[in-house]
Amino acid sequence: FVLVPLLIVLTGVGAKVIGLKGPEDDDSLLIERIYMEYEFTDNLGYRQTRGYVEQVQKAIESNRDSLDVKTIYSYYADNRAGTTVYFNNRYLGKEELKEKRKMLRRTIPDLAGVRIRMGDDSGGSSGGATVLEVNVFGEDKQVLDEIAGEVKRRFGYLPGLTDVKTSVEMGKEQIQISLDRDLAAHYSLDSRTITSVMNLTFRGMQLNRFQTREREVPMTISLDPVDRVGIHNLRNLVVGMAEDKEITLGSIAQFEETRGAQEIQRQNQKTMVSVQGMYEGDDFDGLREDVAGVMNSIEYPLGYHWQYGRRIQERDQQKSQMGINAILAVICVYMLMAALFESFLHPLVIMMCLPLAFIGVVWMLVLTGTSFGIMAMIGTVILIGVVVNNGIVLIDHVNNFRKRGPV
């Protein structure tokens with residue numbers, strides 16, 4: 001009765017040492033690459049993005065040996081680019097990848113007009129970092145954008161949280177045209193007419209096929225590609241005539257360069273904007289408390305609220321389910337043994353052995369430096385069955401010896 005509580009206390013000390021932080025800190029997910037995404041402040045063509053990519057690749061190549069780089073893969077297109085760095089060691093741990101990220105940040109030069117973010121292709125963790133994402137819900141997209149901007153600003157002060165961005169930033173730059181309806185009506189123009197002219201001018205129009213003796217040739221009428229590029233061509237687009245004078249789009253509309261949403265996300269019939277960053281520290285639970293404090297300190301209009309992103313919700317759900325499964329397993333095993341031994345006392349003796357099993361689990365995780373992730377949770381549930389099985393065998397032997405009586 002003294003030994004068991006003492007061992008339980010030692011187990012608690014070991015659990016505090018390893019910090020049971022859940023599956024988000026699982027070191028078993030080892031990767032050998034770091035993906036870098038380029039974010040440009042202006043709309044750039046593929047020739048310009050190629051220049052940025054070549055500068056980054058050149059800097060990495062010059063430090064190839066110190067970084068232990070195996071291969072560098074890059075792609076570039078209009079207004080977007082990415083670089084993936086593969087390392088020779090395919091089994092880099094979490095701390096090693098963190099160090100690689102720091103070395104890459106020191107190696108890559110500061111380039112005007114571009115920001116390089118580190119993360120994998122799907123937005124998950126890369127280089128030993130963990131993605132932290134929060135979602136803000138509401139009705140008005142403009143209000144959500146303002147809240148997301150404020151959240152991003154405050155996240156910038158949280159230690160260990162880097163590469164903070166919003167789903168608004170990840171959208172493409174676009175030109176927003178605001179038509180002066182009164183001025184357009186003065187020239188007998190409306191939005192439908194102007195839209196038809198713009199559609200014909202920039203998208204072209206499909207014509208009837210030209211028939212020859214051998215085949216049919218598809219026909220399309222459109223402007224030259226050179227005349228469809230640039231805001232100046234858009235401003236000088238002729239949309240009507242008035243008193244033998246050409247009415248251009250720039251004379252009846254205002255132009256504003258904005259960044260449109262990459263996609264409009266809705267959940268439970270509410271518009272959603274996300275803010276995410278990469279966390280490189282070790283105390284993820286502490287960061288979540290800080291994030292909750294930041295999010296709760298913001299004043300939200302009526303009907304607006306926030307919650308953690310899908311990944312964090314899934315992790316919380318997994319931990320909750322594993323805890324419930326462990327409790328159900330213990331209850332079911334106890335009821336089964338009670339029916340088997342026809343006694344409530346004998347199964348209770350076996351149940352007292354379960355805390356002793358966790359002692360080995362905790363201290364083995366401490367010695368190996370392994371976090372208590374999903375695989376460790378599954379192994380713990382299996383261990384419950386092993387301990388109970390051994391206890392049943394021992395109790396059965398004791399009962400058999402008692403029935404035989406003294407020898």
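The values are calculated or read from the model by the stated rules, or taken from the named source; none is laboratory data. From a predicted model like this one, the values you see are computed outputs, not experimental measurements. Reconstructed Cβ throughout: ideal geometry from the backbone, glycine too, with neighbour counts over all protein chains shown. The accessibility values were calculated without ligands, DNA or RNA, using every heavy atom of the protein model including side chains. Shrake-Rupley method; radii C 1.70, N 1.55, O 1.52, S 1.80 Å.
Brief remarks on what is shown
- If the convex hull is drawn through the Cα atoms of segment 230-299, its volume per residue in Å³: 196 Å³
- All-pairs Cα distance distribution in segment 46-162, expressed in whole percent, bin size 5 Å: 2, 9, 17, 19, 18, 15, 11, 6, 3, 1, 0
- Entry note: segment 160-231 has Rg to Rh equal to 1.22, where both radii use alpha-carbon atoms and Rh is the Kirkwood radius.
- Histogrammed with a bin width of 20 Å, the alpha carbon distances of the chain distribute as 18, 37, 27, 12, 4, 1, 0 percent, first bin at zero.
- Between Lys58 and Phe202, the contour length at 0.36 nm per residue exceeds the Cα-Cα span by 48.0 nm.
- Each of Cys332, Cys353 has its accessible area taken with a 1.4 Å probe; listed largest first, they run Cys332, Cys353.
- Long hydrophobic helices in the chain, taken as whole DSSP H segments with a C-alpha length of 15 Å or more on their own axis and mean Kyte-Doolittle hydropathy at least -1.0: 3-18, 141-155, 284-296, 310-341, 354-368, 374-404.
- Calculated SAXS-style log₁₀ I(q)/I(0) at q = 0.08, 0.09, 0.20 Å⁻¹ - segment 248-407, Debye, Cα scatterers: -0.50, -0.59, -1.32
- For the chain, with all protein chains in place and a probe radius of 1.4 Å, 55% of the accessible heavy-atom surface sits on carbon or sulfur.
- Per residue, the chain exposes 61 Å² of solvent-accessible protein surface, assessed with a 1.4 angstrom probe and all protein chains in place.
- Two-decimal Rg/Rh across segment 277-330, once Rg and the Kirkwood Rh are taken from alpha-carbon atoms: 1.10
- Dipole axis of the chain (+1 Lys, Arg; -1 Asp, Glu on Cβ), positive-most option in Gly45, Gln318, Gly385: Gly385
- Theoretical FRET efficiency, 1/(1+(r/R0)^6), r = Cβ-Cβ of Asn296 and Gln317, R0 25 Å, to 0.05: 0.70
- Taking the Kirkwood radius as Rh and the Cα radius of gyration as Rg, segment 288-362 has a ratio of Rg/Rh equal to 1.28.
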